[in-house]
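Heads up, the thing below is written out as structure tokens.
Every read-out reported here was derived from the displayed coordinates using simple, explicitly stated rules and does not represent laboratory data. Remember, it's a predicted structure, so these values are computed and weren't measured experimentally. Because the Cβ atoms are built from the backbone with ideal geometry, glycine has one as well, and the counts that use them run over all protein chains shown.
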Amino acid sequence: MGLSANFISWLTVLLVIIPVALLQDGSNPFRWFPEDNFDIISRKMNQANPENCVTMSESDLRLPPTSLSQLPQYNRILLQQWFTNRSKLLHLHNLALNRAFFYSYIQQRLDGPVIDVPFLPSLLYYYFSAAADVSSGPNVMNASAVLMDTNTTYANWYGLKVINRTLPLFGPMALRLDNWNDELNFLRVPTNNTIKIHDMGAGPNCNYTAPWYKNNPYILDREMGISFIPDRRGTAPSKNQYSTKIQLATITGEAIQELEVFKFYGPNAPGIKETFLPVRFTRPYYDCGASNRWIVSSVSALSDYMPRYSNITRLRGPRMVGIIVQSMDFYRIDFNPCPPGLGNPNHYLAGIARCKPTTLCVPLPGFGFRRGGYQCVCQPGHRLPPDQDGPFRGVDIEIATEDEYNAGFNCIPVEWREVIPEETGMIEDLSRRGRSAGFFDLGGDYIPGGQSAWRTFKRYTRNALASVTSMFGFYNTGSPTDLVHASNGVRMRSRIRRHAIAAENYSTGTVIAKSTSSVPNYQTEAVDWNVSTSDPEQATSVDKQYSEPALHGRENQSELKELSRKKRNSDPPFYSVGAGGAVFDPERFTQMYRLIAHAKEVTSQNCHQMTADQLVFPGEVSYGAEVQFEMPARTALRLAHFLSAYYQNNIRGEVYGSLITDFPLNRYEMFGEVISNVMSNFDIVSSGIFFDYQMFTDHDGVTWDLFAPYAYKPIGSTEAAEAIDMSINYYRDYTEKAWFRTLKASPYTVSDRWVSSRYGLDRIITKPFIRSDVNGTQLQRYFNFPLYYWVPRYEDGYWTQPYFDCEGKVKEWLITYAAPFFGLIGEEQALQFMGVVTISVKLLSLDINQCPQSFYTPNYFKNTAKCDFGSTYCKPIPRRYFVAGSYKCECRQGFEYPFNDRTWYFHGELMEREYMMKLAGEPNRFDLLRCREALAVHLLPMNTWYFAIVVVLLNYWNALSV
């Protein structure tokens, strides 16, 4: 009895241990892949946690330098294409540069020892500026800090009697908190709206510049090129000088003719071959004791004259006195898992994708640091299996078992690929064939009385041959002898299209047709884009070119109607929209080309000759701007958040012992903010702060009727900025602009939009900690703890319709984003609308989407792609800007690319060029540009004799077709 009990117990233990052992030795069917660099990094990241990070070494808290790839570099931003997967890193780069420009400008602009001291940024300015960096990017920013070097901070917010007294260290840092368990979060739902602000230069062991400080890769990391402070480069090298010109106005709106010209030293502006960059990125590191997350930071240096206040001028010189640190979560950064190549430099995570040799790896955005962020498309000369809809997804490959991986995820070779023929001498050859056409070439149409016996015989013979050849794998989907028109009007047969799919009588064969309900087409109101220029002949040629492209080279209107007739009922694509499944709008196609031509014809020289309607495009022309230009728009949102925070929390006359917090915002700081916006971002061409009526009070206590600092870039300059107060009489009507009135109040109501309800605004909770004394002995809570303020979301902003700024300072086609800011006004301290922050970007930098979309989608360019939607589907090509043909036509499921070249799709520019040639009656191959049914592979196992018989039958078929 005891023996049997022991045996059962041992058997139970074995049954438990054996599966566990099998899992440990990797025999699990889902863990058969060999270990790669992703597993090494993941294991290292999982080892660090808030409990043990203090005892871990510095190397254990940092990842290899090549863990990040394709980092933005200042001197290469304009030379490279930046896609969606790098937009957040680019924003991180530009935001660090933004803050470095501002603090460099304001510190050097207000460096007087007596008059300028009260105008410098206050303690709350530093705190709320860092908090605005974080709150304006909930899915981007994780932390923001200004870290000053030792004894370089002249704190004007302390009532110190000695003007040259400096703080040992000063490092205001804003950090987003996980507030799910916060005492103020009663619902226990994370909101991302709680921010902790503290001084990193206060408290014990606070010297973040010391070598023994473990968690400071932003101070010194020579392998990543970070060594800004302490500045050992001297006063001349590595300091770049920038110039600004500001036109001010009086309080009554009169322009001050004398410009305020100022030059300051700021971040470096390197040439293409220089290696000392103004912004550097840290390697991924574990932020122990702060956010306790793996983060990546961008670092930029701010400059000032040191010593700041000295009577001996020759002792003063520009010096890097601090750094700006902007951080984001490493898990949010996409990486390219595809093999190294021309567009994917070799890095630590390159080559971990598991695409088969018959496929190509394409990275996908939005996956962050996790597997599966790629897809495997077929190599040129291959096609997808019939049961595969779309490319192989990386997430499916990563979870496949070994048997599934070995048996699938392969593309099938495409046989019998066609070669594009030469078209030289084609017209003359076809003309000769037309003149020597005999009775059989002309067919029975010339026999009076109807159809001839010969044509009836040919029709029955072709049907019989089709039945025989289909037994050997050959299929015909249309007539190989469709007629096209030559420019000379001769009706001819194209030998190029002999084995192509028919244009009009197209049949999808085995593909199941999906019916769609008819919906009315969305028609844009026609606008007469008059492309009048200073050159009448040029304007006439442009108008003729894009008004009716089908009239080129044609005089017979009947031929035009015959060629451009609507397609017959055919199988609609799976995403077809519009009545009858129509996915191409000829009228919209013509209007698209006229609009693009008009946009390029309007210049600063001829814009005054245009009417008001010709300088404004419909709002649907800027479709997609809110996504593509989201990060530049968040720069305006950041400034709106800062102004809202400051105006809702700065209390006049507030003094706490030696700490003074009563510092109103002044016009120097406002001009500095808009100047830094345009100088730090190549996409932003102008930026402004537009105050409402009697909402701006300057440092001297005077309330201005209107105040609107506005900065812009001079043409062809990257190291200069110009600014103007838009409250001068010429521009004083900005309060009547649509973007200002829309954000302030609804035109159909009497009350302000934001007064009756705060719905739509986010409440930000900040928890500020300040130093207990000047020396920073320890940290303590701020006297008003916590601080609250209401800010708009990104969606609360307003995108204008495209317009040409003919009367403004930037004479370009622009799109403007405006965000409101709010303050507590009056004795009742009511939340009121105070003004608008704007940024403008170029319309010609916007990508257009010509692919089919639903009727309710407000896209001016939709349904203008010239793909053959029976065999292909449309896919936009990003970063081609405001150019027609920015799409590709890829083969649908069950079809294959028929040509023998190094691609697998038809480019939109090729499709539209051939389409225009077809409408003009010129030789073209537009009807060839389509995919064929994926059936040519059936020819592979044929016997040689069968193959010879089929070739003979095909030749006989071709003879009957002539």
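Looking at region 227-347, what % of the alpha carbon pairs are farther apart than 22 Å? Kindly include the intermediate steps, with their values, before the conclusion.
Values: 4322 of 7260 pairs.
Of all Cα-Cα pairs in region 227-347, 60 percent lie more than 22 Å apart.
The three principal axes of the Cα atoms in region 81-166 give end-to-end lengths of 52, 23, 22 Å, sorted in falling order. Summarising the label geometry, the points placed 7 Å from Cα in the beta-carbon direction at THR603 and LYS737 lie 2.6 nm from one another. Sorted from greatest to least, the principal axis extents spanned by the alpha carbons of region 291-423 come out as 85, 53, 21 Å.
By count of other Cβ within 10 Å, fewest leading, how are HIS598, HIS382 ordered?
HIS382, HIS598
Report, to two decimal places, the Cα Rg of region 697-848 normalised by 2.2 N^0.38 Å (N = number of residues).
So the Cα radius of gyration is 1.32 times the expected 2.2 N^0.38 Å.
Applying a DSSP loop filter and a limit of 11 other Cβ atoms within 10 Å to the trypsin sites (Lys or Arg not before Pro) in region 185-216 leaves ARG188. Measuring r between the beta carbons of PHE38 and GLU827 and using R0 = 35 Å, the FRET efficiency lands at 0.05. Three semi-axes describe the equivalent ellipsoid of region 118-184; taken as square roots of 5 times the Cα gyration tensor eigenvalues and ordered largest first, they are 29, 12, 11 Å. For region 188-290, the fraction of C-alpha pairs more than 17 angstrom apart is 72%. For region 772-872, relative contact order (Cα pairs under 8 Å, six or more residues apart, normalised by length) works out to 16 percent.
Going by how many other beta carbons lie within 10 Å of each one, how would you line up SER845, SER104, SER42, SER298, fewest first?
SER42, SER845, SER298, SER104
Cα centroid separation, region 44-98 to region 618-674: 27 Å. Taking other C-beta atoms within 10 angstrom as a stand-in for reagent exposure, LEU846, LEU910, LEU184, LEU342 fall in the order LEU342, LEU184, LEU910, LEU846, fewest first. For region 29-72, a Kirkwood hydrodynamic radius built from all Cα pairs, placed in the Stokes-Einstein relation at 20 °C and 1.002 mPa s, yields a translational diffusion coefficient of 171 µm²/s. Kindly identify region 122-266 as rounded, prolate or oblate by the Cα gyration tensor criterion: order the square roots of the eigenvalues as a ≥ b ≥ c, call it rounded if a/c is under 1.5, otherwise compare a/b with b/c, prolate if a/b is larger, else oblate. Judged from the Cα gyration tensor, region 122-266 comes out oblate (a/c at least 1.5, b/c at or above a/b). I'd like the FRET efficiency for ARG652 and ARG370, computed as 1/(1 + (r/R0)^6) with the beta carbon distance as r and R0 of 45 Å, rounded to 0.05. The pair ARG652/ARG370 has a calculated efficiency of 0.35. Between LEU78 and LEU220, full extension at 0.36 nm per residue minus the direct alpha carbon distance yields a gain of 48.3 nm. How would region 193-250 be classified by its alpha-carbon gyration tensor: rounded, prolate or oblate, with rounded meaning a/c under 1.5 and the a/b versus b/c comparison settling the rest? Cα axes put region 193-250 in the oblate bin.
Each principal axis of region 622-754 carries a Cα extent, and these read 52, 44, 32 Å when sorted largest first. Computed over the Cα atoms of region 34-123, pair by distinct pair, the Kirkwood hydrodynamic radius stands at 17.7 angstrom. With viscosity 1.002 mPa s and temperature 20 °C, the Kirkwood radius over alpha carbon pairs of region 603-685 converts through Stokes-Einstein to a diffusion coefficient of 127 µm²/s.
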